[in-house]
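Peer 1: Got a structure for you, written out below as structure tokens; questions coming shortly.
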Amino acid sequence: MTLLNPNMAATFPPPVMEARRWLDGVTFSDNQPLINVSQAAPVDPPPVSMREAMAKFVLEDDDAHLYGPVLGLPELRAELAANWSKHYAGSVSSDQIAITSGCNQAFAATLATLAAEGDEVILPTPWYFNHKMWLDMGGIRTVALPTGDGLVPTAEAAEALITSKTRAIVLVSPNNPGGVEYPADTLQAFFDLCAARGITLIVDETYRDFDSRTGAPHGLLRNPNWAETLIQLYSFSKSYRLTGHRVGAMIASPERLAEAEKFLDTVAICPNQLGQRAALWGLRNLDPWLAEQRLEILDRRQAMIDGFPVLEAKGWKLLGSGAYFAYMTHPFDMPSDALAQKMVKEIGVLCLPGTMFAPDGDPLGPRSLRIAFANIDRAGISTLYDRMAMLA
């Protein structure tokens, strides 16, 4: 390879794929099969009722196989706008919704409209690594905002990092990787800061449907001028198990979406047609099912908390647990990336080290791990903790 974009060369490899390579050459016994808590994605397909509807779309809806509008199906945009307005007790119109090929593409499209090479974006640490990767690819400087052991950033700390090159602050709530749910007051403080400083607040709510709180998690959309400051991102992948169909959303001003349309048309032309129809069907038919899934995830979250004393007694500390994730510090005299590889070989557990969620030199990265617990039940969580307690 003789020619390579230096921004791409400087971007780290996909962490989940890197972690999977740690499995090469490792054999797991029947008595100790692999526990994979590395990736935050459902391993089950959508419910049967949705798959039956999707099969009908494939057979009977010819348009499901053709190009569609770049910003998504009008019916889906309208349905999600109504859903968003109801959930947040605010006002969102269909022309403020764009459907994207997953939430990662929504983030990429958002940044494509906001920042150019040399600009800056503030990310709280530990950060979602795909956000950092996209900024690196674009030559956009990531400014780390440490959150400390509470894993909740503060607007006061962020304000000190804003420069003339700052274009946005990105928040993820419920958080990936930390699992914490940002208080409404925290989100409001960031909104007020961004509005006052003329920059954009991006709130990624991929895991909104698994928030433990009832009602709206914040009141940002009640501000009649929210679209001047706020961009929200969403994913249908976790809610309806549509990971392979790549359906996400970007909620922003019509003027912003007109710019995003240029990016989306160039990258994918239109979102996945079958996935969009499935998402629309889910919004109209799966509220009871989704409520059950939420309760199951919340039960697993509680199991992570209830079972943690077995590790706490050995020096571990649980920093956050929520949505799909638990984030914890370990007691060992080794960096977390070395520990994570040791866990694969010695106890048959694959998880991601904190070094994948933090910049070099961040003190939390080497002493922390992320556990994606959404695909293991209470019994599996108990087994996970038993194995982790064996580490020495």
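The values are calculated or read from the model by the stated rules, or taken from the named source; none is laboratory data. Because the structure is predicted, anything quoted here is derived from the model rather than measured. Heads up, the Cβs are rebuilt from the backbone with ideal geometry, glycines too, and the neighbour counts pull from every protein chain shown. Accessible surface is based on the protein model in full, side chains and every heavy atom, while ligands, DNA and RNA are left aside. Shrake-Rupley method; radii C 1.70, N 1.55, O 1.52, S 1.80 Å.
Peer 1: Find the residue count for the stretch 272-289, including only residues that are in a helix (DSSP H, G or I), in contact (Cβ under 8 Å) with a residue 60 or more places away in the chain and open to solvent by 10 Å² or more (accessible area, probe 1.4 Å).
Peer 2: The qualifying residues number 9.
Peer 1: Name the residue, out of E156, E181, that is open to solvent by 50 Å² or more (accessible area, probe 1.4 Å) and either outside any helix (DSSP H, G or I) or among the acidic types (D, E) (or both).
Peer 2: Just a single option satisfies the conditions, and that option is E156.
Peer 1: List, please: which pairs have Cβ atoms under 6 Å, are six or more places apart or on different chains, and start with a residue in the stretch 194-215 that is modelled with pLDDT of 95 or more and end with one that is aromatic (F, W, Y) and assigned to a strand (DSSP E or B)?
Peer 2: Listed by first residue and then by second, the contacts come to E205/Y234.
Peer 1: Quick check on L311: is it in a helix (DSSP H, G or I) and surrounded by 14 or more Cβ atoms within 10 Å (Cβ to Cβ)?
Peer 2: It is true that L311 is in a helix (DSSP H, G or I) and surrounded by 14 or more Cβ atoms within 10 Å (Cβ to Cβ).
Peer 1: May I pose another question? For the stretch 5-55, what are the residues that are exposed (fewer than 15 other Cβ atoms within 10 Å of the Cβ), within 18 Å of Y240 (Cβ to Cβ) and of a type in the set (A, V, I, L, M, F, W, C)?
Peer 2: Those that are exposed (fewer than 15 other Cβ atoms within 10 Å of the Cβ), within 18 Å of Y240 (Cβ to Cβ) and of a type in the set (A, V, I, L, M, F, W, C): V43, V48, A55.
Peer 1: Given the conditions (1) in contact with an Asp or Glu (Cβ under 9 Å, 6 or more places away or on another chain); (2) free of Cβ contacts under 8 Å to residues at least 60 places away in the same chain; (3) not in a strand (DSSP E or B), report the number of the one that N176 does not fulfil.
Peer 2: Exception for N176: condition (2).
Peer 1: OK, next. Show the residue pairs that are 6+ apart or on different chains and have beta-carbon atoms under 8 Å apart, the first residue being within the stretch 247-271 and under 16 Å from W84 (Cα atoms) and open to solvent by 10 Å² or more (accessible area, probe 1.4 Å), the second being of a type in the set (A, V, I, L, M, F, W, C) and assigned to a helix (DSSP H, G or I).
Peer 2: S253/A227
Peer 1: May I ask you to list pairs of residues, at least six apart or on different chains, whose Cβ atoms are under 6 Å apart, with the first in the stretch 60-79 being without any contact (Cβ under 8 Å) to a residue 60 or more places away in the chain and the second being surrounded by 13 or more Cβ atoms within 10 Å (Cβ to Cβ)?
Peer 2: Matching pairs, first to second residue: R77/S94; R77/I97; A78/S94.
Peer 1: For the stretch 189-197, indicate whether the set of residues that are in contact with a helix residue (DSSP H, G or I) (Cβ under 8 Å, 6 or more places away or on another chain) and acidic (D, E) is non-empty.
Peer 2: yes
Peer 1: Within the stretch 216-246, count every residue that is of a type in the set (V, I, T) and in contact (Cβ under 8 Å) with a residue 40 or more places away in the chain.
Peer 2: Residues meeting the conditions: 2.
Peer 1: Is it true that some residue in the stretch 89-100 is loosely packed, with under 14 Cβ neighbours inside 10 Å and at pLDDT 95 or above?
Peer 2: no
Peer 1: From the list I169, I162, which residue is among the aliphatic types (A, V, I, L, M), open to solvent by less than 50 Å² (accessible area, probe 1.4 Å), in a loop (DSSP other than H, G, I, E, B) and free of Cβ contacts under 8 Å to residues at least 60 places away in the same chain?
Peer 2: Answer to the check: I162.
Peer 1: Do we find that I305 is open to solvent by 10 Å² or more (accessible area, probe 1.4 Å), among the β-branched types (V, I, T), touching a strand residue (DSSP E or B) at 6+ places or on another chain (Cβ under 6 Å) and modelled with pLDDT of 95 or more in this structure?
Peer 2: Here the answer is yes, as I305 does meet what is asked.
Peer 1: May I pose another question? Answer yes or no: is there a residue in the stretch 104-119 that is open to solvent by 30 Å² or more (accessible area, probe 1.4 Å), in a loop (DSSP other than H, G, I, E, B), of a type outside the set (D, E, K, R) and under 21 Å from S38 (Cα atoms).
Peer 2: Looking through the stretch 104-119, none of the residues is open to solvent by 30 Å² or more (accessible area, probe 1.4 Å), in a loop (DSSP other than H, G, I, E, B), of a type outside the set (D, E, K, R) and under 21 Å from S38 (Cα atoms).
Peer 1: Output the residue which, of all residues in the stretch 192-211 that are among the hydrophobic types (A, V, I, L, M, F, W, C) and open to solvent by 10 Å² or more (accessible area, probe 1.4 Å), is nearest to V247 (Cα to Cα).
Peer 2: This residue is I199.
Peer 1: Examine the stretch 318-332 for a residue that is farther than 20 Å from P124 by Cα, hydrophobic (A, V, I, L, M, F, W, C), out of contact with any Gly (no Cβ under 9 Å at 6 or more places or on another chain) and assigned to a loop (DSSP other than H, G, I, E, B), and state whether such a residue exists.
Peer 2: no
Peer 1: Could you list, in sequence order, all residues of the stretch 223-244 that are open to solvent by 50 Å² or more (accessible area, probe 1.4 Å), at pLDDT below 95 and outside any loop (DSSP other than H, G, I, E, B)?
Peer 2: Within the stretch 223-244, G244 is the sole residue that qualifies.
Peer 1: Restricting the search to the stretch 91-113, which residues are under 20 Å from the mean Cα position of the chain (by Cα) and of a type outside the set (V, I, T)?
Peer 2: A98, S101, G102, C103, N104, Q105, A106, F107, A108, A109, L111, A112
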